[in-house]
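Notes follow once the structure below has been shown.
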Amino acid sequence: MSRIHEALKKAEQERAAGHATEAVALPQPEPAPRFADWKPSAVGVVAVPVAEPAPVSGGTSDYLRFDDLRAHCARPEWHLDPNVNVFSNPALSTHGAEQFRTLRSRLYQLRGAQSLRTLLVTSSIPGEGKTFVAANLAQVIVRQPDRRALIIDADLRCARVHTVLGAPVAPGLTDYLRGEADEMAVIQHGHEGNLCFIAGGNDVTNPSELLSNGRLKALLDRLTPVFDWVILDSPPCLPVADANILADLCDGVLMVVRAGTTPGPTVQRACQEMQGRNIVGVVLNAVQDSHLYGSYYYQPYSYGRDAGKVPEK
Ligand SMILES: Nc1ncnc2c1ncn2[C@@H]1O[C@H](COP(=O)(O)OP(=O)(O)OP(=O)(O)O)[C@@H](O)[C@H]1O
Ligand SMILES: [Mg+2]
């Protein structure tokens, strides 16, 4: 747990007043035994020059260009929820926006040392702020000139990214994975610069099966070269298996921890669950003074639209 304690300490030093996100990608000089596959990077926040998206090889008919994608994908109206978008709400943006810029810098820094383009945002238990972090991270990326981001709502049990963006939920990923919609029907481009979005889609009863049926991998293979970052929002990794399936399709995993809420042993178990995956950092979310040293509580967790029922594992 030393990393989390270090993050808490760092958050304490850096935080400003208010309910804000402390975005902390935790590069470490030494890999820790608990985080077997932790990939360390240089310490500190450095403005690392950003590489252009890798050129797509060949000139085959499968070649997908961003301009074509933007011209042919869905273009619904988005109405961003100002309560959860730090860049459209001055009250949230003071400190939160800066933390997301820091997170962006650190991710680019990590990318300098490893192949990192598809990023899974997960956490141990529900409600830690995965969707909040994924949506705001995607937005801070496209605030840089010519940067393109795709956010995919891969939480097929409790899709919520569309509510943050004020976008339609369907057609979306479930519809694509079931073969009922093609890629251009499910990719949305709103008015947010170079931000694209694939919503969760219509309700399904077999999310784990759909995520592992091969179609998502094919979709990522095709879309990833078009974007600087592809960010996948996911369910928490302890109650259900989906985040594990998704992590296998992504270059890196960003773990969200809600300060003062998530018990330390639960975070440890989540990291063990992700063993073998490339955990690139931790975002300590919703930091408040009382959370730094307050007592933790534990409660059993369940997840999904039917929280309380036995979840599909
Ligand atoms: N830093 C923050 N500041 C203010 N509100 C936040 C912050 N982080 C999360 N929230 C709010 O807390 C609630 C839970 O956040 P969010 O939906 O992002 O969690 P989640 O981990 O995606 O949950 P789930 O596991 O259900 O998918 C939301 O209402 C969100 O707007
Ligand atoms: Mg969520």
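Each value in this text was obtained by applying a stated rule to the coordinates, not by laboratory testing. Source: prediction; values computed, not measured. Here the Cβ positions follow ideal geometry from the backbone for every residue, glycine too, while neighbour counts run over all protein chains shown.
Going by C-beta contacts inside 10 Å, put Arg160, Arg178 in order with the fewest on the left.
Least crowded to most crowded, the residues run Arg178, Arg160.
If you stretched the chain out fully between Asp81 and Asp182, how much longer would it get, using 0.36 nm times the residue separation minus the C-alpha to C-alpha distance?
Gain on extension, Asp81 to Asp182, equals 33.6 nm.
With θ set to phi - 60°, apply the Karplus curve 6.51 cos²θ - 1.76 cosθ + 1.60 along the range 111-126 and write out the HN-Hα couplings as whole Hz, x wherever there is a Gly or Pro.
These are the phi-based 3J(HN,Hα) values: 5, x, 10, 7, 6, 8, 9, 9, 10, 9, 9, 9, 7, 7, 10, x Hz.
Fewest first, what order do Lys217, Lys130 take by the number of other Cβ atoms within 10 Å?
Exposure proxy ranking, most exposed first: Lys217, Lys130.
For the range 74-306, what class follows from the C-alpha gyration tensor (a ≥ b ≥ c being the square roots of its eigenvalues): rounded when a/c is under 1.5, otherwise prolate if a/b is larger than b/c, else oblate?
Taking the square roots of the gyration eigenvalues as a ≥ b ≥ c, the range 74-306 is rounded.
Rank the residues His162, His79 as a footprinting-exposure proxy: fewest other Cβ atoms within 10 Å of their Cβ go first.
His79, His162
Please report the antiparallel percentage of the DSSP beta bridges confined to the range 74-306, to the nearest 5.
Just about 10 percent of them are antiparallel.
May I ask you to list the residues of the range 143-184 whose amide nitrogen lies under 17 Å from a point 7 Å from Cα along the Cα→beta-carbon direction of Asn89?
Counting only backbone N, you get 160-167.
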